[in-house]
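Trainee: Dropping the structure in here first, questions after.
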Amino acid sequence: MDLLNAITIGFKEIWAHKFRSLLTMLGIILGVSSLVAMSALVKGMENGMKEALIAIGGLEKVRIEEQDIPAHQRHLEDQAVGCTIHDVYALRRSAPLIKLATPEMRVSPGGGWGGRSSTLITHGTKTLRERANLIGTWPTALEMNQHVVEHGRMFNEIDDENAWNVCVIGTSIRDQLFGSPEEVGYEIVPVGQSININNQPFRIIGMFQHYESEQDRKFRELEKDQPKQVQTGPERRRGWGSGRGSGQNSWVYGMKNSTIYIPLNTMWIKFRSGGFGTNSIPDPRLSSLYIKVADIEMLEPALQQAKNVMMHTHKGIEDFSFQTQENWSENITTAIRNARMSGGFIAAISLLVGGIGIMNIMLASITERIREIGIRKAIGATHVDVFIQILIESVVIALIGGLAGMITSYGLVEMLTMLSPTENTPVITVNSMALAFAFSALVGVLAGLVPAFKAAKLDPIQALRYE
């Protein structure tokens, strides 16, 4: 019996028992559609996480920060200087595996995001309510932190050398001090306007583009169609966990939107030196120092190279440490792996149920066709011919169920998107479709083995006598 003829007979058998075959396929349809849909959801989640990782500079970005010196060097504690400008120049000069080195200085020597307690930022009668990420840095911070200046320009070396009072702001700063597009009905571009930082006037020369996750963007678009909720009682903030920005990666974009960049010299002279500095930085302590390696595959050699340079500039005192994004990357990998395992387990159960259904139906079909099988053997069909025929019928049922499941998966993904409109967009990939289809074929083969063996071993004489 040739393969084409066997497949044709398989289709005829399915068509002859349409309703029974459809019920048999349901398990395969559910298993394949759930596998493809789950893979699409996980892919969408993975894309969102990777976008957030790229938004903070990617895996190539490494922070060098001050740390307590080791116990065996405690007698040298008074000589520890932390990260300084001298380190930045030394890294740029002597570490070829380092692509970029950028200093950062904040109002408070050890300050992090949120200079709210020590920094007053105002414009006219408006005062910045939320936390601001006020940083003195170099123009290279744009490339280091993946910032894009949408309006105006970034300050340059001349601005930094002269310690001019210029700044580049994020859209959150604009929204609070000048009004958001939702409030005023159009986008305000405050380039050329002035704001006061700790009572010192700064001219805005640029504004970054607005950063947001896909979840936040969808929430914002959805919010436009909703009636504005009227808040009664005293003015208040709702806190965490509600409204825009509740996504797991939203803090990354919120931090970037709340950024204010000013020249490094300006930060030192106006806010850190007590106002008695000159127009050049001698070698003050930085809040942090960021480097970007040229090749992520060379991360460890690059860090060793950076450590050697820093140990030389710090005269052998190890008062610094490296902080990479490796934990974040590992967390992404773990979350994706766990989600795929969970989805795969659910789909496997559905496919297993579908396989059991196919096996039962094929066994019932053999019982109904015992005389037919006996006649075929009597006129020359071999054990192999019968085995292949039954196995192909099983595989055909599974493959048709697999194709129906892949079509159904598109509808399932659309339904999930409608039910969770603010989540990352699911992405159906060719690989997930091919994998689901291959699994359906495998289930068909495994489910057809027992019935095929049973049919092949039938004695033709006994089969012809069967009533």
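Trainee: Taking the stretch 299-336 on its own, how many of its residues are of a type in the set (A, V, I, L, M) and loosely packed, with under 15 Cβ neighbours inside 10 Å?
Mentor: Result for the stretch 299-336: 1.
Trainee: Now a separate question. So which pairs qualify, if the first residue must be in the stretch 388-399 and closer than 15 Å to residue 351 by Cα and part of a helix (DSSP H, G or I), the second must be among the polar types (S, T, N, Q) and at pLDDT 85 or above, the Cβ gap must be under 8 Å, and the two must be at least 6 apart or on different chains?
Mentor: Hits for this filter: 398/440; 399/440.
Trainee: Go through the stretch 125-143 and report how many residues are among the β-branched types (Val, Ile, Thr) and surrounded by fewer than 21 Cβ atoms within 10 Å (Cβ to Cβ).
Mentor: Residues that pass the stated criteria total 3.
Trainee: Also, I was wondering about something else. Counting just the residues of the stretch 48-103 that are among the β-branched types (Val, Ile, Thr) and out of contact with any strand residue (DSSP E or B) (no Cβ under 9 Å at 6 or more places or on another chain), which one comes out nearest to residue 140 (Cα to Cα)?
Mentor: 56
Trainee: Still on this structure, I have one more. Suppose the filter is among the aliphatic types (A, V, I, L, M) and surrounded by 15 or more Cβ atoms within 10 Å (Cβ to Cβ); does residue 370 pass it?
Mentor: Yes, satisfied.
Trainee: Next question, about the same structure. All but one of (1) surrounded by 14 or more Cβ atoms within 10 Å (Cβ to Cβ); (2) at pLDDT 90 or above; (3) not in a loop (DSSP other than H, G, I, E, B) hold for residue 93, so report the exception by its number.
Mentor: Residue 93 satisfies all of (1) surrounded by 14 or more Cβ atoms within 10 Å (Cβ to Cβ); (2) at pLDDT 90 or above; (3) not in a loop (DSSP other than H, G, I, E, B) except (1).
Trainee: OK, next. Could you tell me which of the residues 455, 447, 436 is within 23 Å of residue 399 (Cα to Cα), under 30 Å from the mean Cα position of the chain (by Cα) and of a type outside the set (Asp, Glu)?
Mentor: Unique residue meeting the criteria: 436.
Trainee: Among the residues of the stretch 286-303, which ones are under 13 Å from residue 64 (Cβ atoms) and either in contact with a Cys (Cβ under 7 Å, 6 or more places away or on another chain) or not basic (Lys, Arg) (or both)?
Mentor: Selection gives 286, 287, 288, 289, 290, 291, 293, 302, 303.
Trainee: Would you please list the contacts, defined by Cβ atoms under 7 Å and residues six or more apart or on different chains, that run from a residue in the stretch 51-77 that is free of Cβ contacts under 8 Å to residues at least 24 places away in the same chain to a residue that is among the aliphatic types (A, V, I, L, M)?
Mentor: 77/69
Trainee: Can I ask one more? Look at residue 361 and say whether it is surrounded by 14 or more Cβ atoms within 10 Å (Cβ to Cβ) and in contact with a Gly (Cβ under 8 Å, 6 or more places away or on another chain).
Mentor: Considered against the rule, which asks whether it is surrounded by 14 or more Cβ atoms within 10 Å (Cβ to Cβ) and in contact with a Gly (Cβ under 8 Å, 6 or more places away or on another chain), residue 361 comes out as no.
Listed here are the residues, each with its yes/no results for (1) over 26 Å from residue 380 (Cα atoms); (2) part of a helix (DSSP H, G or I); (3) of a type in the set (A, V, I, L, M).
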{"position": "425", "(1), (2), (3)": "yes, no, no"}
{"position": "431", "(1), (2), (3)": "yes, yes, no"}
{"position": "434", "(1), (2), (3)": "yes, yes, yes"}
{"position": "438", "(1), (2), (3)": "yes, yes, yes"}
{"position": "442", "(1), (2), (3)": "yes, yes, yes"}
{"position": "454", "(1), (2), (3)": "no, yes, no"}
{"position": "458", "(1), (2), (3)": "no, no, yes"}
{"position": "464", "(1), (2), (3)": "no, yes, yes"}
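Trainee: For the stretch 35-47, state whether one or more residues are charged (D, E, K, R) and at pLDDT below 90.
Mentor: Yes.
Trainee: Mind listing just one residue for me: the one in the stretch 365-387 that is without any contact (Cβ under 8 Å) to a residue 12 or more places away in the chain and polar (S, T, N, Q) and, of those, farthest from residue 460 (Cα to Cα)?
Mentor: Ranking the candidates gives 367 first.
Trainee: Could you grab me the full set of residues in the stretch 337-358 that are among the hydrophobic types (A, V, I, L, M, F, W, C) and either within 13 Å of residue 446 (Cβ to Cβ) or surrounded by fewer than 20 Cβ atoms within 10 Å (Cβ to Cβ) (or both)?
Mentor: Selection gives 339, 341, 345, 346, 348, 349, 351, 352, 353, 356, 358.
Trainee: Do you know which of the residues in the stretch 102-123 that are closer than 12 Å to residue 197 by Cα and surrounded by fewer than 18 Cβ atoms within 10 Å (Cβ to Cβ) is modelled with the highest pLDDT?
Mentor: Per the criteria, the residue is 122.
The values are calculated or read from the model by the stated rules, or taken from the named source; none is laboratory data. Values in this document were obtained by computation on a predicted structure and should not be read as measured data. When we count neighbours, we look across all protein chains shown, and the Cβ atoms used for this are built from the backbone with ideal geometry, even at glycine.
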